[in-house]
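What follows is a short report on a single structure.
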Amino acid sequence: MPNEEYKWFVEHTSPGTTHMFGVKNVLKSFRTKFQQVEIVDTVSFGRALILDGKIQSSEYDEYIYHEALVHPVMLMCPAPRCVLVIGGGEGATLREVLRHPMVEKLVMVDLDQEVVEHCQEYLANWHQGSFEDKRVELVYADARDYLENNSTLFDVIISDVPEPVEKGPALKLFTKQYFSLIKKRLSGKGVFALQAGDYSLPYIDAHCAIYNTIQKAIPFVRSYRAFVPSFNTEWGFIIVSPQLGALPSPDQFEKLIEIRNLSLKYFDGETSAGMFSLPRDIRKRLKEETRVIDDQNLLTIY
């Protein structure tokens with residue numbers, strides 16, 4: 001039985017399943033123009049950011065998610081000097097990008113200024129001062145508008161936006177039109193990565209649809225995953241490279257980490273071997289997926 005001493009946040013992961021968190025304290029609960037926001041202190045996972053009823057990251061394990069999202073794509077790019085982060089309101093994606101010493105310019109485009117400002121105030125352990133780094137340019141704008149109206153070419157683009165929930169702000173950031181814009185804004189050896197949803201078998205159809213949609217726009221696409229305890233599931237990511245082709249081997253990843261003098265908690269060469277090695281049933285589902293997400297046929301999760 002749930003402990004009655006705590007309040008309980010119930011995340012509805014599907015019409016038939018939930019994930020429950022004991023909550024010690026609600027620091028903020030409010031609605032912006034775009035989404036519902038909660039910042040809470042949980043019993044098991046420390047402080048957590050919740051958007052539209054979905055946990056985005058927790059103090060206990062956010063490093064797993066953010067290292068998995070950022071470092072494979074940053075290490076795959078030979079010289080990631082100019083980087084674009086789309087979303088990433090907590091600032092932890094900025095933190096991980098800035099670990100790479102060759103980064104000269106880092107643009108973060110986020111739609112919801114209220115969320116970012118509250119994260120700056122309440123999630124200091126996430127951003128660790130990254131918003132104040134002189135290399136960071138913070139832009140409050142719609143990502144599609146920014147990509148359409150900006151001619152800058154980026155060596156790395158990272159899309160760290162919430163899941164496409166109904167009426168949420170990220171619905172059009174998983175379509176073929178969006179991915180075509182991404183391709184136009186990548187430099188000659190540019191690489192792109194994104195968070196791509198729940199990787200567990202009951203829910204992986206959304207990930208497969210995102211994967212197939214990207215394939216229609218950009219040639220080299222790899223699906224990978226990492227188990228995030230606060231999500232209670234393996235989480236899916238996708239890395240995309242129009243020009244570079246093959247993924248580095250575990251030994252190559254390890255050498256690149258050493259060259260860049262990165263001190264990481266989760267990601268290394270051995271970890272990469274597991275992340276990018278997919279079981280047969282998942283490979284089959286990715287191969288057989290036919291759905292293409294576009295602006296008239298949006299992907300919406302529960």
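Normalised by the residues of region 89-214, what does the relative contact order come to in percent, with Cα pairs under 8 Å and at least six apart? It rounds to 22 percent for region 89-214. Rg and Dmax over the alpha-carbon atoms of region 1-99 stand at 16.1, 53 Å. Counting 0.36 nm for each residue step from D281 to Y266 and taking away their Cα separation leaves a gain of 2.8 nm.
Available extension along the chain between R135 and A79 is 18.6 nm, counting 0.36 nm per residue and deducting the alpha carbon span. Between the C-alpha center of region 136-191 and that of region 254-302 there is a gap of 18 Å. The phi torsions of region 147-154, fed into the Karplus equation with coefficients 6.51, -1.76 and 1.60 and a -60° offset, translate into couplings of 5, 6, 10, 10, 9, 4, 9, 10 Hz, rounded to whole numbers, with Gly and Pro shown as x.
Global size of region 7-56: 10.8, 30 Å for Rg and Dmax (C-alpha atoms, Rg to one decimal, Dmax whole). Counting every other Cβ atom within 10 Å of each residue's Cβ, I39, I293 order from fewest to most as I39, I293. Computed from the C-beta positions of M20 and T290, the FRET efficiency with R₀ = 30 Å rounds to 0.25. A Stokes-Einstein calculation at 20 °C with viscosity 1.002 mPa s, built on the Kirkwood radius of region 158-278 over Cα pairs, returns a diffusion coefficient of 139 µm²/s. Taking all C-alpha pairs of the chain, those more than 37 Å from each other amount to 9 percent. Extension gain, N125-Y6: 0.36 nm per intervening residue step, less the Cα-Cα distance, totals 40.5 nm. From the alpha carbon centroid of region 77-133 to that of region 197-224 is 25 Å. For the chain, the relative contact order comes to 17 percent (Cα pairs under 8 Å, sequence separation of at least 6). In loop segments of region 227-284 as defined by DSSP, the trypsin sites (Lys or Arg not before Pro) with at most 11 further C-beta atoms inside 10 Å of their C-beta are K265.
When Y65, Y60, Y146 are arranged by Cβ crowding within 10 Å, least crowded first, meaning fewest neighbours, the order is Y60, Y146, Y65. Do the alpha carbons of any pairs in K54/K265; K33/K176; K7/K28; K33/K172; K7/K265 sit beyond 22 Å of each other, and which pairs? In this structure, K54/K265; K33/K176; K7/K265 lie more than 22 Å apart at Cα. Normalised by 2.2 N^0.38 Å, with N the number of residues, the alpha-carbon radius of gyration of region 210-302 equals 1.25.
Any read-out appearing in this document is the output of simple, stated calculations on the displayed coordinates, not a laboratory observation. Just so it is clear, the structure is predicted and the values come from calculations on it, not from any experiment. Methodologically, a virtual Cβ is constructed for each residue, glycine included, from the backbone with ideal geometry; neighbour enumeration extends over all protein chains shown.
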